[in-house]
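Undergrad: I am attaching a structure below and will ask some questions about it afterwards.
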Amino acid sequence: MTRELALLKDGAAELGIELDGTALGRFSLFAAELAKWNRKINLTAITASEDVMIKHFLDSLTILARVDLFGRLLDIGSGGGFPGIPLKIAKPELEVVSVDAVEKKILFQRHVARLLNFNGFTAIHARGESLVGKYPSSFDIIVSRAFTDIVSFVRMVRPLLAAGGRIVAMKGSEGVGEMALCENELSLIGVEVETVHEFGLPLAGDRRSLIIMRNSGGSR
């Protein structure tokens, strides 16, 4: 096992997640393809192998440690496949739909999905706003690392949320303060904040927050 994979395995263990040999092998292949493709197209500004393991892969897995993932997950603005592909590797039974507006990034994700023999993984080249007609009330979990504005994210994805589902905004240290400023506006949209998790990213210590929201039954 390489040092980078050992770091990922240890960091996941800190989150209470056990990565077996199959999962680690898939993460290794994913990392290799990410590095190869990133030399040709701009998938990520994070390129050091250890940083990829911690700040992309491990960061993506933090949601698995704190959110009950089930059914069908939508990853909006997924870029190089984060958090959707790491979550699919760690939890193969999860159905994942990954959406990004940049076609080259989606082509990369489809390539990785074929390489890793994924079942139940769909990568779509589209803008999030265009999904409502095809996927109304379709997703149990909707997540994004890409949106800076929680309210805009929630407005876009709420029509896509299935009954009993959750919206998860993955944020840095600014997340709690941003949530406090927009909680009333979220309530007017018909969404309430259920839980906020603040924590340090294992091995790096970078501050992270997960803001978990659900329908409150108000108007859409």
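Undergrad: Quick one: check the C-alpha center-to-center distance for the stretch 120-141 versus the stretch 8-82, whole angstrom.
TA: 21
Undergrad: Continuing with this model, one more query. Of Thr44, Thr148, Thr62, Thr2, how do they rank once you tally other Cβ atoms within 10 Å and put the fewest first?
TA: Thr148, Thr2, Thr44, Thr62
Undergrad: Now a separate question. Could you give the size of the charge dipole of the stretch 1-106 about its Cα centre, using +1 on the Cβ of each K and R and -1 on the Cβ of each D and E, expressed in debye and rounded to the nearest 20?
TA: Using Cβ point charges on Lys, Arg, Asp and Glu, the stretch 1-106 gives about 380 debye.
Undergrad: Only helical DSSP H runs with n ≥ 4 go in: add -39500 (n - 2.57) per run for the chain, normalise by residue count and round the 222 nm mean residue ellipticity to 500 deg cm²/dmol.
TA: Helix-only estimate at 222 nm: -11500 deg cm²/dmol.
Undergrad: Work out the charge dipole of the chain with +1 on the Cβ of Lys and Arg and -1 on the Cβ of Asp and Glu about the Cα centre, then indicate which of Pro83, Leu186, Gly11 is farthest towards its positive end.
TA: Result: Pro83, furthest along the dipole toward the positive end.
Undergrad: Shifting gears a bit: For the stretch 1-125, what mean projected area does the convex hull of the alpha carbons give, in nm²?
TA: With the hull built on Cα positions only, its mean projection is 6.7 nm².
Undergrad: Subtract the Cα-Cα distance of Arg127 and Glu198 from 0.36 nm times their separation in residues, and report this length gain in nm to one decimal.
TA: 22.6 nm
Undergrad: Where does each of Glu129, Glu14 land when they are ranked from fewest to most other beta-carbon atoms within 10 angstrom?
TA: Ordered from fewest to most neighbouring Cβ atoms within 10 Å, Glu129, Glu14 come out as Glu129, Glu14.
Undergrad: What Kirkwood hydrodynamic radius, in Å, does the chain give when the mean of 1/r is taken over all pairs of distinct Cα atoms and then inverted?
TA: Details: mean 1/r = 0.0572 Å⁻¹.
One decimal place: 17.5 Å for the Kirkwood radius.
Bear in mind that the values in this text are calculations on the coordinates, not laboratory data. Please read these numbers as outputs of a predicted model, since none were measured by experiment. Note that we place each Cβ from the backbone using ideal geometry, even for glycine, and neighbour counts take in every protein chain shown.
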